[in-house]
Amino acid sequence: MSQTGALMGFVHRRRRGAELFLLVLALAVGIGAYAAVGLGVDGEVPVDIVGYGGWLAALVLVAHFTLRFAAPYADPVLLPVVAALNGLGLAVIHRLDLAKEAAGKPHDYAQQQLIWMTLGVALFVGTVALVRDHRVLQRFTYTSGLGAVVLLLLPLVPGLGYRNFGAQIWIRVGPFSFQPGELAKVLLVVAVAGYLVLHRDALALAGRRLLFLDLPRGRDLGPILMMWGLSLGILVFQRDLGSSLLFFGLFLVMLYVATERAGWPVVGLLLFSAGALAAYQLFGHVRNRVNIWLDPMAYIDQTPGSGQLVEGLFGMGWGGLIGRGFGEGRPDRIPVAESDFIIAAIGEELGLTGVMAVLLLYGLIVERALRTALICRDGFGKLVATGLAAVFALQVFVVVGGVTGLIPLTGLTTPFLSYGGSSLVANWVIIALVARISDQARRPPPDLSPEAAGTGDDDATQVVKLR
Amino acid sequence: MSELTLFLIRFAYLAVLWIFVLSAISVIRSDMFGARIPEARAARKKAGKQAKPVRRRGQPTHLAVVEGANAGEQAALDDAPLLIGRGSDAAIRLDDDYVSTRHARVAASGDQWYVEDLGSTNGTYVGSVRITQPTTISLGTQVRIGKTILELRK
């Protein structure tokens, strides 16, 4: 971790103006989609477009001004990309609502999603305003680790948790249902980063060399085995393939980045293969998913079958290169399209062109987070940013790969697009954390020259807020 | 709504989507090369380099090895920045197995002296803390590098 950047005297610019410009374009993407849905389905611009657009613009501007005042050096691309994805997601969910309404089964998921987005932006503002320095999070390493485990166990508590679509990952308090696992992944990133920043020397240097691989010591395998156990536990007791894959992959990425040793991913992949093989042998639902992946068409009419996947594939095929256009496709044929299969609905109505734009936007989020990790000056910030980038990358890969038939389908939400409050709120918190770290990383180092020292105060010592 | 209008709307929307993506990328591009030296700062830096550091009483004049195989060696701070390591180009050459070839350097900025780790294997410690960024040191602050301890002396 060379620190030459801080010495060569170049600084990053604030770029808040560029962010505002991009946000206007992002609003055009979100509100434009809403208008296009209205035009395509009903033949007219929706009457509430002013209210809807105003609300969306207000949310986005609140987030923008929070960054302007609380994190002026934060990355200028993150917020607009997220705003565009969220706006597009809302419009597509609205489109599916309209289709369901036409079929006589009205529900108002778009409205609920907008409420969740409001809550998400509130949490974004809160996180950016309260966490003034990401390094204070390092003190909560073990607290957040414990918090993550507790959150993951909550759905198994009788009376609180309940099962939906085969996976026991929801809790219900009064009228609200929530997936605690979504927030657990944020806490887990903080915990793993805090742990690795302290112990990475032991994990990186000790060990023995076999062929061209540095294998870690046996006793250092503890944490990776624990994480493996946790992931398997999620798989066995909550029957949630996606989260289990996400958590283990996340841990492997962070371990590899922290230690720079190829031995860890090799050990991890071996453990993963063993776990996957065992799960395939032992659990019917895992075997089912793999069979469906190998030959989707053979299971169309069975329950549990591949109807959803096949409808999604048909939809994307029908969409072709430029899509059917909003209102012209039949995305409502896909069961629960607003959740995991929203990318198939986008593929049907916006085509490959639209899907590629969406994937590129995810790529930009991941790139910005990794870039933040590269220029960040402290190890903890680097690891947290890398971990959050990995969460996004893995989640998008797993869900889009599943929907397009590249890998066996596992249930995960598409960040910011899918209907689902827990995921949306958690992702806004993730973006807030990345924005905070990038603000710290891009902020010019304190000026050490005598003129600036002025009153003789020791400016060179950066005071990390103590409380 | 005619077929043609819908077709145009579809294209217009895809265009908006891609304009957004490309603008975001162009902001990233300008950001990549946009890290610039603010002029005031750069000018001050240049001026500071030409003028010799003002020598005042109570300022450190040399860096000395206090503990380790090379104890007693020292280097004048006039030649700053000083490179410390096992390599032959180092200002203070240490015969210490735990020291990297180019391990750390000590440099000045105005009146402040600071030590910076140059990506060494075993790290540089100020007090008991392993440093991750340039850290200011003053007279008598113990800087540990491998088994060697250095400090600024008058």
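The values are calculated or read from the model by the stated rules, or taken from the named source; none is laboratory data. It should be emphasised that the depicted structure is a prediction, and the values quoted were computed from it without experimental measurement. FYI the Cβ positions are ideal-geometry reconstructions off the backbone, even for glycines, and counts take in every protein chain you see.
Structure above, values below:
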| quantity | calculated |
| --- | --- |
| Residue satisfying condition, being over 24 Å from B:Trp18 (Cα atoms) and aromatic (Phe, Trp, Tyr), within set A:Phe326, A:Phe380, A:Phe341 | A:Phe380 |
| Per-region count, segment A:3-39, residues at pLDDT 90 or above and at the interface with another protein chain (Cβ under 7 Å from one of its Cβ atoms) | 10 |
| Filtered residues of segment A:347-390 (kept if away from chain B (no Cβ under 12 Å), among the small types (Gly, Ala, Ser) and either free of Cβ contacts under 8 Å to residues at least 60 places away in the same chain or within 18 Å of A:Val77 (Cβ to Cβ) (or both)) | A:Gly347, A:Ala369, A:Ala373, A:Ala385, A:Ala389 |
| Among (1) among the small types (Gly, Ala, Ser); (2) at pLDDT 75 or above; (3) under 22 Å from A:Gly420 (Cα atoms) - the single one A:Gly174 does not satisfy | (2) |
| Verdict on A:Ala344 being more than 20 Å from A:Ile430 (Cβ to Cβ), surrounded by 20 or more Cβ atoms within 10 Å (Cβ to Cβ) and touching a Pro at 6+ places or on another chain (Cβ under 6 Å) | no |
| Failed condition for A:Gly325, given (1) buried (at least 19 other Cβ atoms within 10 Å of the Cβ); (2) in contact with a Ser or Thr (Cβ under 9 Å, 6 or more places away or on another chain); (3) within 14 Å of chain B (Cβ to nearest Cβ) | (2) |
| Close pairs (7 angstrom Cβ cut-off, 6 or more residues apart or separate chains): closer than 24 Å to A:Val190 by Cα in segment A:143-160, surrounded by fewer than 14 Cβ atoms within 10 Å (Cβ to Cβ) anywhere | A:Leu154/A:Leu160; A:Leu156/A:Phe237 |
| Unique residue being of a type outside the set (A, V, I, L, M), buried (at least 20 other Cβ atoms within 10 Å of the Cβ) and within 30 Å of B:Glu3 (Cα to Cα) when the list is A:Gly381, A:Gly354 | A:Gly354 |
| Meets criteria (under 23 Å from the mean Cα position of the chain (by Cα) and either surrounded by fewer than 18 Cβ atoms within 10 Å (Cβ to Cβ) or at pLDDT below 70 (or both)) for A:Gly233 | yes |
| Residues satisfying the stated conditions in segment A:96-137, i.e. touching a residue at least 12 places away in the same chain (Cβ under 8 Å) and part of a loop (DSSP other than H, G, I, E, B) | A:Ala103, A:Val131, A:Arg132, A:Asp133 |
| Conditions (1) surrounded by fewer than 22 Cβ atoms within 10 Å (Cβ to Cβ); (2) in contact with a Leu (Cβ under 6 Å, 6 or more places away or on another chain): number failed by A:Ala393 | (2) |
| Failed item in (1) among the polar types (S, T, N, Q); (2) more than 20 Å from the chain's Cα centre (by Cα); (3) closer than 19 Å to B:Thr136 by Cβ, with B:Ser109 passing the rest | (2) |
| Matching residues in segment B:6-24 - criterion: being over 17 Å from A:Gly38 (Cα atoms), more than 7 Å from every other protein chain (Cβ to nearest Cβ) and not small (Gly, Ala, Ser) | B:Leu22 |
| Residues located in segment A:321-346, provided they are closer than 15 Å to A:Ala33 by Cβ and in contact (Cβ under 8 Å) with a residue 40 or more places away in the chain | A:Gly325, A:Phe326, A:Gly327, A:Glu328, A:Pro331, A:Glu338, A:Ile342, A:Ile343, A:Ala345, A:Ile346 |
| Cβ pairs under 9 Å, 6+ apart, first in segment B:133-144 and on the phi > 0 side of the Ramachandran plot, second surrounded by fewer than 16 Cβ atoms within 10 Å (Cβ to Cβ) | B:Gly140/B:Arg153 |
| Residue in segment A:253-266 that is buried (at least 20 other Cβ atoms within 10 Å of the Cβ) and hydroxyl-bearing (Ser, Thr, Tyr) present | yes |
| Unmet criterion (only one of (1) more than 26 Å from A:Ala389 (Cα to Cα); (2) more than 9 Å from chain B (Cβ to nearest Cβ); (3) in contact with a Phe, Trp or Tyr (Cβ under 9 Å, 6 or more places away or on another chain)) for A:Leu56 | (1) |
| Hits in segment A:402-414 (condition: at negative phi and in contact with a Gly (Cβ under 9 Å, 6 or more places away or on another chain)) | A:Gly402, A:Val403, A:Thr404, A:Ile407, A:Pro408, A:Leu409, A:Thr410, A:Gly411, A:Leu412, A:Thr413, A:Thr414 |
| Number of positions in segment B:99-154 that are more than 10 Å from every other protein chain (Cβ to nearest Cβ), outside any strand (DSSP E or B) and surrounded by fewer than 17 Cβ atoms within 10 Å (Cβ to Cβ) | 9 |
| Any hit, segment A:289-296, residues being surrounded by fewer than 21 Cβ atoms within 10 Å (Cβ to Cβ), touching a residue at least 24 places away in the same chain (Cβ under 8 Å), more than 14 Å from chain B (Cβ to nearest Cβ) and of a type in the set (A, V, I, L, M) | yes |
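For every residue, the table says whether it meets (1) surrounded by fewer than 19 Cβ atoms within 10 Å (Cβ to Cβ); (2) away from chain B (no Cβ under 14 Å); (3) at pLDDT 95 or above.
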position: A:Val62; (1), (2), (3): yes, yes, yes
position: A:Tyr73; (1), (2), (3): no, no, no
position: A:Val82; (1), (2), (3): no, no, yes
position: A:Leu85; (1), (2), (3): no, no, yes
position: A:Ala110; (1), (2), (3): no, yes, no
